[in-house]
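A.B. asks: Before we start, here is the structure in question, set down as structure tokens.
Where a number appears in this text, it was derived from the coordinates with a stated rule and is not lab data. Since the model is a prediction, treat every value here as computed from it, not as a measurement. Every residue, glycine among them, receives a Cβ derived from its backbone with ideal geometry; neighbour counts consider all protein chains shown.
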Amino acid sequence: MNYDVIGDIHGHYEKLLALLQSLGYRKREGAFRHPDGRQAIFLGDLIDRGPLQEEVLYTVRDMIEAGSARCIMGNHEWNAIGYFTPVGGGEYGKARNAKNLKHHHVFLDQVGLDSARHKAWVEWFKTLPPFLDLGGIQVAHACWRESEIATIRAGMHDGKLTERFLAESFVKKPAPTAARLAMDLVTKGPEVKLPDGKVFYDHEGTPRDEIRLQWWKEEARTYRNAAMVPTLQVPSIPDKALPDSVVMGTDSEKPVLVGHYWLSGRPEVRNGKVAVLDFSAAGHGPLVAYRWDGEQVLSNDKLVAVGGWY
Ligand SMILES: [Mn+2]
């Protein structure tokens, strides 16, 4: 089967419609379908931030039910499950505090906190697998590493996470569970604490002592070369060797396609083996798809970008 792998939508329904149109999908019998039988693969983060989140959810859900799409779980769907799920003592899997509300309130405004629709969408999020092995390629929201994928696979039944694994994935204290560490890596990617008490300032101006890693840069050996930070912040990242515990690259034998990273600039694959398809559709960037037709070396001419500036 050939696939159209689609990056993070974050409620931007107008970009989703434009991209599906441009890829050749047409609405028939209630769902978008491709005349050649291609399947759309959504990389997660359907919700939060954008203006028409339920429209995106209905569109994707209808495609899945029609057999014309599959979708994996992003960190925003995982967080949404936690935000809805009590874990005892008046607490939730994802704390209902101001910081988390800031990232989730547009979704909650649309569905209504603790409403029947809220519950129904959370139940649907639980049906999304955190990764898919599609034969010739593999997809996850942020990173593929065999050990963490194996941990998650062991926590799945009938193609979805078990309630028990999900509950374990919300446990941070006294120490994060294996389920939490695996979900963190696969849906949010690897991070490392900066040495010597150093910090950088993220795009909201918040000081942070941990950096996201451009894990696909197998050759990167220093914090500065590996860091995923705003360009102006690069000089403040130490040009010092990464600790041995940091693993760069992926051990997947097949090409890996992910979203999550809010890239900017002209859409390009990272290399022949890794494509990152999030080019900030949540902001002013385009929604990006990779049209995969069986090749084992990914290439830029298979990318389709619509609905944004770059
Ligand atoms: Mn994400």
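A.B. asks: Can you list residues whose amide H is under 5 Å from H260's amide H, if they're 5+ apart or on another chain and H is modeled 1.01 Å from N?
C.D. replies: It is D8, D278, by chain and number.
A.B. asks: Follow-up. For a quick protection proxy, order the peptides 41-53, 151-163 by their average other-Cβ count within 10 Å, most packed first.
C.D. replies: 41-53, 151-163
A.B. asks: Then there is this: Whole angstrom only: what separates the Cα centroid of the stretch 95-156 from the Cα centroid of the stretch 189-229?
C.D. replies: Value for the Cα centre distance between the two parts: 24 Å.
A.B. asks: Same structure again: Debye sum, Cα scatterers, the stretch 193-246, no solvent: what log₁₀ I/I(0) at q = 0.22, 0.31, 0.32 1/Å?
C.D. replies: Here log10 of I(q) over I(0) equals -0.78, -1.45, -1.51.
A.B. asks: If we sort 192-205, 243-256 on the protection proxy, mean other Cβ atoms within 10 Å, highest first, what's the order?
C.D. replies: Descending mean neighbour count gives 243-256, 192-205.
A.B. asks: Another question, if that's okay. Over 26 Å between Cα atoms, which of K99/K198; K94/K160; K172/K198; K172/K193; K99/K160 qualify?
C.D. replies: Those over the limit are K99/K160.
A.B. asks: Whose amide H sits under 5 Å from the amide H of I41, counting only residues 5 or more places off or on another chain, with H placed in the peptide plane?
C.D. replies: D4, V5, I6, R70
A.B. asks: Once Rh for the chain is found with the Kirkwood sum over Cα pairs, what is the Stokes-Einstein diffusion coefficient at 4 °C and 1.567 mPa s, in µm²/s?
C.D. replies: 65 µm²/s
A.B. asks: Below 15 angstrom from the Cβ of E55, what's the summed charge of the other residues (Lys, Arg +1; Asp, Glu -1)?
C.D. replies: Spelling it out: positives minus negatives among the neighbours equals 0.
A.B. asks: So if I place +1 on the C-beta of Lys and Arg and -1 on the C-beta of Asp and Glu, and nothing else carries charge, what would the dipole magnitude of the stretch 193-246 be about its Cα centre? I want it in debye, nearest 20.
C.D. replies: Rounded to the nearest 20 debye, it is 60 debye.
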